[in-house]
Amino acid sequence: MKATAKANTNIALIKYWGKRDEKLFLPMNGSISITLDRFYTITAVEFKRDLQKDVFLLNNQLSSEAEGQKVFRFLDIIRELSGTDLNAVITSENRVPTAAGFASSASGFAALSAAAAKALNLELSEKELSALARRGSGSACRSIYGGYVEWQKGERADGKDSVAHQLLPEDRWNISILSVMVASKQKKISSREGMKRTVETSPFYTGWLQTIDTDLQKAREAIISKDFEKLGRVVEANALKMHATMLGATPPFFYWQSGTMEVMEQVQNLREDGIPVYFTIDAGANVKVLCLPEDEQKVYEALLTLPSVKEVITCHPGAGITYL
Ligand code: 2P0
């Protein structure tokens, strides 16, 4: 009873920010992402008789108690679905550099869901798999699919309609996503805690919710018509709006460092020089810069000239779940 799956991580174009149900990981708003080709998790799950408890090995090391508990609690959901009480050995190889500021939880829980469900012969549809992955980490539901993906927030209390679907396959529109690393310090507030505080205390959160459907619609249209500038404009504005909600929280907080601002300014400079290039920022200091493949080299070089930029990794749209 063993299976192995690979999932790529994803970067949100229109952000998931806030939960309406903490336990089921149901979001307040829909989101749109690109699954990337460079950062991934490969996970093998083997359910065994005579195993006293679950074991989780991450990058060849026995996991910490906290990491293990998240994974074992998630496996409980899958065990309940399949009616088994067997324990499992989970072996994960994580190729998501934490310094890159990508949530390894997206690829991590997507790969774990797929491998565990297959090991137990659950035969879930992609939608069911997406709903399952969501219960490990919200953004994981988007990593089931490749390319351009939308996570519908859903309306149901049980979350069955809060799943992702593909808007456009990865091989239908190639754009460049440059991951720009500027962070010199670990972030103090996790995205889970940050979104919760924002929902509960920020007066700007209402403004976020009021405009999200328009942002989603613009992004959807831009992706379907492959209109890069239209996509870039809404992506950049949506990221800034998400960060603005945090400034209104009590107590207020922000993820930016001085290098974050330097990159934002450089992107604006490049745009003034006539290159269509846009940025987005998640719950961290690093910046992701979007441009067309023909401008990739120029943009890469311009970013590397900045004193606070430590590394730039260029990604492109990648595949959804694969089984190994
Ligand atoms: C996103 N982020 O859409 C947003 C944008 C961060 C900023 O999804 O609590 O690790 O596990 O559901 O998915 C990061 O949060 O949070 C995230 P949980 P998750 O990508």
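The values are calculated or read from the model by the stated rules, or taken from the named source; none is laboratory data. Because the structure is a prediction, the values reported are computed rather than measured. With ideal geometry, Cβ positions are generated from the backbone for all residues, glycine too; neighbour counts draw on all protein chains shown. Only protein heavy atoms, including side chains, enter the accessible area calculation; ligands, DNA and RNA are left aside. Shrake-Rupley method; radii C 1.70, N 1.55, O 1.52, S 1.80 Å.
Filtering region 135-148 to residues that are within 11 Å of the ligand (Cβ to nearest atom) and over 11 Å from the mean Cα position of the chain (by Cα) leaves Arg135, Gly136.
For Lys15, the criteria (1) farther than 30 Å from Pro317 by Cβ; (2) open to solvent by less than 30 Å² (accessible area, probe 1.4 Å); (3) within 13 Å of the ligand (Cβ to nearest atom) hold in every case but one, which is (1).
Being crowded, with 24+ Cβ neighbours inside 10 Å and either away from the ligand (no atom under 14 Å from the Cβ) or free of Cβ contacts under 8 Å to residues at least 40 places away in the same chain (or both) narrows it down to one of Ala110, Ala119, Ala114, Ala106, so name that one.
Matching residue, one of Ala110, Ala119, Ala114, Ala106: Ala114.
Listed by first and then second residue, the pairs with beta-carbon distance under 9 Å, at least 6 apart or on different chains, first residue in region 305-324 and in contact (Cβ under 8 Å) with a residue 40 or more places away in the chain, second of a type in the set (S, T, N, Q) and part of a loop (DSSP other than H, G, I, E, B), are Ser308/Ser184; Ser308/Gln257; Lys310/Ser184; His316/Asn174; Pro317/Asn174; Gly320/Ser143; Ile321/Ser143.
Only one entry in Ile281, Ile189 is at negative phi and touching a helix residue (DSSP H, G or I) at 6+ places or on another chain (Cβ under 6 Å), namely Ile281.
Of the residues Arg172, Arg220, which is under 19 Å from the mean Cα position of the chain (by Cα), charged (D, E, K, R), closer than 30 Å to Leu303 by Cα and open to solvent by 40 Å² or more (accessible area, probe 1.4 Å)?
Values: Arg172 fails: under 19 Å from the mean Cα position of the chain (by Cα).
That would be Arg220, the only listed residue that is under 19 Å from the mean Cα position of the chain (by Cα), charged (D, E, K, R), closer than 30 Å to Leu303 by Cα and open to solvent by 40 Å² or more (accessible area, probe 1.4 Å).
The single condition among (1) at pLDDT below 95; (2) open to solvent by less than 10 Å² (accessible area, probe 1.4 Å); (3) within 13 Å of the ligand (Cβ to nearest atom) that Asn29 does not satisfy is (1).
Assess whether Glu170 counts as being in contact with a strand residue (DSSP E or B) (Cβ under 8 Å, 6 or more places away or on another chain), among the acidic types (Asp, Glu) and within 12 Å of the ligand (Cβ to nearest atom).
Criteria not met by Glu170.
From the list Ser162, Ser137, Ser125, which one is under 21 Å from Phe72 (Cα atoms) and either of a type outside the set (Lys, Arg) or surrounded by fewer than 21 Cβ atoms within 10 Å (Cβ to Cβ) (or both)? Give the steps one after another, and end with the answer.
Numbers: Ser162 fails: under 21 Å from Phe72 (Cα atoms); Ser125 fails: under 21 Å from Phe72 (Cα atoms).
Only one candidate passes the filter, namely Ser137.
Where strands (runs of 3 or more DSSP E) sit wholly within region 227-324, those with at least 2 residues that are hydrophobic (A, V, I, L, M, F, W, C) and within 16 Å of the ligand (Cβ to nearest atom) occupy 287-291.
Determine if region 216-236 includes at least one residue that is basic (Lys, Arg), under 23 Å from His165 (Cβ atoms) and in contact with an Asp or Glu (Cβ under 9 Å, 6 or more places away or on another chain). Give the derivation first.
Just the residues of region 216-236 that are basic (Lys, Arg), to begin with: 218, 220, 226, 230, 233.
Okay, now just the ones that are also under 23 Å from His165 (Cβ atoms), so 218, 220, 226, 230.
Now narrow it down to the ones that are in contact with an Asp or Glu (Cβ under 9 Å, 6 or more places away or on another chain): 220, 230.
Yes, the conditions are met somewhere in region 216-236.
Check region 60-78 and report whether any residue there is in a strand (DSSP E or B) and more than 10 Å from the ligand (Cβ to nearest atom). If you could, list the steps in order and put the result at the bottom.
Step one: of region 60-78, the residues in a strand (DSSP E or B) are 61-62.
Imposing the further condition that a residue be more than 10 Å from the ligand (Cβ to nearest atom) reduces the set to 61-62.
Checked against the condition, which is being in a strand (DSSP E or B) and more than 10 Å from the ligand (Cβ to nearest atom), region 60-78 yields at least one hit.
Could you please give the count of residues in region 243-288 that are open to solvent by 20 Å² or more (accessible area, probe 1.4 Å), under 16 Å from Val182 (Cβ atoms) and in contact with a strand residue (DSSP E or B) (Cβ under 7 Å, 6 or more places away or on another chain)? Number satisfying all stated conditions: 1.
Within region 192-208, residues that are assigned by TED's automatic domain parsing to the domain that holds Ala237 and among the basic types (Lys, Arg) have Cβ atoms under 8 Å from residues that are at pLDDT below 95 and open to solvent by 50 Å² or more (accessible area, probe 1.4 Å) in no pair, counting only partners at least 6 apart in sequence or on another chain. Checking Gln257, Gln268 one by one, the residue that is without any contact (Cβ under 8 Å) to a residue 24 or more places away in the chain and not small (Gly, Ala, Ser) is Gln268 and no other.
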